[in-house]
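Colleague: Provided herewith is a single structure, encoded as structure tokens, for subsequent inquiry.
The values are calculated or read from the model by the stated rules, or taken from the named source; none is laboratory data. Owing to the predicted nature of the structure, the values given are computational and were not obtained by experimental measurement. Using ideal geometry, Cβ is built from the backbone for each residue, glycine included, and neighbour counts are taken over all protein chains shown. Note: areas computed on protein heavy atoms with side chains; ligands, DNA, RNA excluded. Shrake-Rupley method; radii C 1.70, N 1.55, O 1.52, S 1.80 Å.
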Amino acid sequence: MTPDRTTIPIHTSPVPRAQPMKRHHSASYYAHRVRESLSTRISKFICAMFLLVLFFVGVIAFILWLSLRPHRPRFHIQDFVVQGLDQPTGVENARIAFNVTILNPNQHMGVYFDSMDGFIYYKDQRVGSIPLLNPFFQKPTNTTIVTGTLTGASLTVNSNRWTEFTNDRAQGTVGFRLNIVSNIRFKLHRWISKHHRMHANCDIVVGRDGLILPKFNHKRCPVYFT
């Protein structure tokens, strides 16, 4: 008879984990930690407030710059006529007349215009010049009308140049350029800027009758400084 074999269970106890050692800190250690945390929070708050103030100052400065920065005067050609263009030998009686408006678009800033001169060009060659205005001050949002008439000595048109005019007229149109030059300064209350050399270039085309074509009349002239 086979003996009964009985398995005796073996119970193993888990190895107890080592308990972490509790470190005991002094009261001064905790006080230092509290002061360090408090100073960090205060520093972050001060930095945040400084950046916020800096942001609002930048926005306000940008708005002031947009509202107070000088805007260039605006020139519009209103009328331009070349009289005698239909005459083959009209150089002796040649006459060029024009009207230009100058608008100061600044809301709070005036413009000092020193002496102003006008120059007429044909194919990039000067054919006349004339003084336009004596020095004057233009108030904000004000408009000034400039008129000029060139005849005789103010025109440097010889017979050959007049022949070119009449040949272009035979083709239908004659192109000119009016260049207005002045030294200007901007004025805001007691502040006055330095001088700026201003140029306004007005491209003009006249028809067979010597009158400016409608699409060029009332046209805005580009302005630049040198």
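Colleague: At a Cα cut-off below 12 Å, give the aspartates and glutamates reachable from residue 215, other chains included and same-chain residues fewer than 8 away excluded.
Modeller: Partners found: 79, 203.
Colleague: Determine, from the Cβ-Cβ distance of residue 97 and residue 190 and an R0 of 35 Å, the FRET efficiency 1/(1 + (r/R0)^6), rounded to the nearest 0.05. Let's see the in-between values first.
Modeller: Working: r = 40 Å, r/R0 = 1.14.
That gives a FRET efficiency of 0.30.
Colleague: Would you please give the FRET efficiency between residue 60 and residue 142, computed as 1/(1 + (r/R0)^6) with r the Cβ-Cβ distance and R0 = 45 Å, to the nearest 0.05? Mind showing how you got there, number by number?
Modeller: Values: r = 29 Å, r/R0 = 0.64.
Given R0 = 45 Å and the Cβ-Cβ separation, E is 0.95.
Colleague: Also, quick follow-up: Suppose the chain between residue 225 and residue 123 were pulled fully straight at 0.36 nm per residue; how much longer would it get relative to their current alpha carbon spacing? Don't jump to the answer; show the numbers that get you there.
Modeller: Numbers: separation 102, 0.36 × 102 = 36.72 nm, distance 2.23 nm.
Separation in residues times 0.36 nm, less the Cα-Cα distance, equals 34.5 nm.
Colleague: Calculate the spin-label point distance for residue 74 paired with residue 46, positioning each point 7 Å from the Cα along the beta-carbon direction, and give it in nanometres.
Modeller: Label-label distance for residue 46 and residue 74, simple model: 5.1 nm.
Colleague: Leaving out ligands and nucleic acids, note down the accessible area per residue over region 80-128 with a 1.4 angstrom probe, in whole Å². Don't skip to the end; give the middle numbers.
Modeller: Values: 2120 Å² over 49 residues.
On a per-residue basis, region 80-128 sits at 43 Å².
Colleague: Out of the total accessible area of region 145-226 (probe 1.4 Å, heavy atoms of protein only), what percent is carbon and sulfur?
Modeller: Values: 2310 of 4590 Å².
Ligands and nucleic acids excluded, carbon and sulfur give 50 percent.
Colleague: Under a Cβ-Cβ cut-off of 11 Å, what is the net charge of the residues other than residue 121 that fall near it, where Lys and Arg count +1 and Asp and Glu count -1?
Modeller: Working: positive: 123, 126, 177; negative: 124, 203.
Summing Lys/Arg as +1 and Asp/Glu as -1 gives +1.
Colleague: Karplus couplings for region 40-47 from phi (6.51 cos²θ - 1.76 cosθ + 1.60, θ = phi - 60°), rounded to Hz, Gly and Pro as x?
Modeller: Running phi through 6.51 cos²θ - 1.76 cosθ + 1.60 with θ = phi - 60° gives 5, 5, 5, 4, 5, 5, 5, 4 Hz.
Colleague: Determine the order of 98, 55 by accessible area, beginning with the largest, at a probe radius of 1.4 Å.
Modeller: Details: 98 5, 55 125 Å².
Result, largest first: 55, 98.
Colleague: Identify the chymotrypsin sites (Phe, Trp or Tyr not before Pro) of region 119-226 meeting these criteria: DSSP loop state and at most 12 other C-beta atoms within 10 Å of the C-beta. Provide the component values of the computation, followed by the final result.
Modeller: Details: sites: 119, 121, 122, 136, 137, 162, 165, 176, 186, 191, 216, 224, 225; in loops: 216.
For chymotrypsin sites (Phe, Trp or Tyr not before Pro) across region 119-226 that sit outside H, G, I, E and B with at most 12 neighbouring Cβ atoms in 10 Å, the list is empty.
Colleague: Which trypsin sites (Lys or Arg not before Pro) does region 180-217 hold that lie in a coil by DSSP with at most 11 other beta carbons within 10 Å?
Modeller: Details: sites: 185, 187, 190, 194, 197, 208, 215; in loops: 190, 194, 208, 215.
Loop-located and lightly packed - 190, 194, 215.
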